[in-house]
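The values are calculated or read from the model by the stated rules, or taken from the named source; none is laboratory data. All of these numbers come straight from a predicted model, not from anything done at the bench. Methodologically, a virtual Cβ is constructed for each residue, glycine included, from the backbone with ideal geometry; neighbour enumeration extends over all protein chains shown.
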Amino acid sequence: MNTKLYPLLLTPVYKDYIWGGTSIPERFNREPQPGLCAESWELCDHADGMSIVSNGPLEGATLHDLVQDFGPDLVGTAPHLGPPALHSPTCPPKLTERRRKGGGGFPLLIKIIDAAQKLSVQVHPNDQTAPLVDGEAKSEMWYLLDGAPGARFYAGLIPGTTPEAFDAALEDNTVHNLLKPHDAAPGTLTYIRGGCVHAIGEGCLILEVQQNSNTTYRVYDWDRVDAEGNSRELHIEKARQVIDWELDPAGPTPSEPIIDGPNRTQDLLVTPYFRFGKLNLEAPHTATNDGRSFHMLFVAKGTLTVSSEGGEETVGAGTTVLLPAAISEYTLIPGDACEVLRVSVV
């Protein structure tokens with residue numbers, strides 16, 4: 001295509017899961033949503049949710065369209081460790097069918113989570129176990145945008161937990177006592193590898209970056225029922241096949257920050273699937289891109305102008321901007337003190 005790529009804005013895809021709240025549209029000055037707003041899928045190319053461009057010459061195009069039309073100019077030239085290719089022998093049949101319907105070409109899925117209630121105790125498969133259960137591999141990270149006083153999240157099982165102890169706890173509805181709790185202070189970052197049993201507690205507002213997957217196996221849902229008195233489905237057998245009983249989640253090791261006048265930039269987490277960093281800006285900052293990856297920016301605080309040769313956008317807190325890999329240089333101009341979260345693949 002002849003269209004010159006530019007900073008892309010995307011229409012969020014909202015999910016009204018039972019545990020959600022109303023913080024996302026209220027906090028980020030978005031249009032009110034009917035009912036609960038549990039998740040806002042900010043960047044997604046999946047059968048269960050598709051991003052659509054909302055600005056510029058490409059307005060109305062889906063993210064899947066852009067991946068197909070622009071290829072490495074959009075996504076980058078790095079070997080992306082996303083879902084298996086459509087014709088790969090390791091691609092589960094259900095996933096193959098989803099690909100035929102469109103979706104799944106972009107390597108990551110990025111969302112905001114508003115946990116007004118606890119999420120279920122759950123686990124996702126990793127790259128090795130996903131084919132065993134006909135699922136999509138999913139390792140993810142959480143960045144706490146905000147946490148109510150006393151808010152917690154749960155990552156990993158207490159040391160020494162055996163499959164037998166886990167099964168007994170499921171029978172007694174006490175499996176939550178086997179989870180490792182963590183305080184959910186704003187700015188906290190944790191990496192949830194596939195195979196790690198986890199849960200998000202109530203009062204957490206999270207930016208989640210993950211492999212492009214929507215596979216979740218619930219093992220306990222806090223005895224919760226819906227308005228009709230029905231419990232949500234559990235997936236005990238599949239969960240037991242994908243749990244890594246020896247996995248001890250390690251905290252991320254941030255790189256040393258780079259100080260440039262009043263600006264501070266820092267990589268907080270690098271995984272096989274994505275790189276995550278934070279930029280605290282008080283003055284214009286020019287960034288370069290070698291074309292190996294797209295850059296996704298999420299404005300956590302303040303206002304920001306994103307300027308490139310292809311175009312310019314000024315956005316407020318809670319806005320996601322996708323910078324295609326072909327944009328080799330861009331400038332970030334904060335309207336005031338601004339916190340920007342940046343995601344790319346490695």
* Asked: Restricting attention to the stretch 24-48, which residues are of a type in the set (A, V, I, L, M, F, W, C) and closer than 25 Å to Gly105 by Cβ?
  -> Trp41, Leu43, Cys44, Ala47
* To do: Within the stretch 134-146, work out how many residues are touching a Pro at 6+ places or on another chain (Cβ under 6 Å) and either hydrophobic (A, V, I, L, M, F, W, C) or surrounded by fewer than 22 Cβ atoms within 10 Å (Cβ to Cβ) (or both).
  => 4
* Scan the stretch 287-303 and give yes if some residue there is basic (Lys, Arg), within 30 Å of Leu322 (Cβ to Cβ) and either in a strand (DSSP E or B) or at pLDDT 95 or above (or both), otherwise no. => yes
* Structure fact -> Quick count over the stretch 282-306, residues being touching a residue at least 60 places away in the same chain (Cβ under 8 Å) and on the phi < 0 side of the Ramachandran plot, is 7
* To do: Select from the stretch 218-247 the residues that are of a type in the set (Asp, Glu) and at negative phi and list them in ascending order.
  => Asp221, Asp226, Glu228, Glu233, Glu237, Asp244, Glu246
* Is it true that some residue in the stretch 235-242 is acidic (Asp, Glu), at pLDDT 95 or above, in the same structural domain as Tyr17 (by TED's automatic domain parsing) and within 28 Å of Pro12 (Cα to Cα)? -> no
* **Residue selected from the stretch 239-290 under the condition crowded, with 16+ Cβ neighbours inside 10 Å and among the small types (Gly, Ala, Ser), by the criterion farthest from Leu332 (Cα to Cα)** => Ala239
* To do: Considering (1) crowded, with 18+ Cβ neighbours inside 10 Å; (2) acidic (Asp, Glu); (3) without any contact (Cβ under 8 Å) to a residue 40 or more places away in the chain, say which one Glu339 fails and leave the rest.
  => (3)
* Limited to the stretch 195-219, what total is found for residues that are among the small types (Gly, Ala, Ser), within 14 Å of the chain's Cα centre (by Cα) and under 18 Å from Asp183 (Cα atoms)? -> 0
* For the stretch 320-339, how many residues are more than 20 Å from Leu66 (Cα to Cα) and β-branched (Val, Ile, Thr)? -> 2
* To do: Give the stretch 54-64 a look and list any residue that's touching a residue at least 40 places away in the same chain (Cβ under 8 Å) and either closer than 28 Å to Gly135 by Cα or of a type outside the set (A, V, I, L, M, F, W, C) (or both), or say none.
  => Ser54, Asn55, Gly56, Pro57, Thr62, Leu63, His64
* Glu97 being of a type in the set (Asp, Glu), at negative phi and at pLDDT below 95 -> yes
* **Sole exception among (1) of a type outside the set (A, V, I, L, M); (2) farther than 17 Å from Phe106 by Cβ; (3) under 15 Å from the mean Cα position of the chain (by Cα) for Arg275, by number** => (2)
* Considering every residue within the stretch 190-208, establish whether at least one is under 25 Å from Ser51 (Cα atoms), in the same structural domain as Trp41 (by TED's automatic domain parsing) and surrounded by fewer than 18 Cβ atoms within 10 Å (Cβ to Cβ). => no
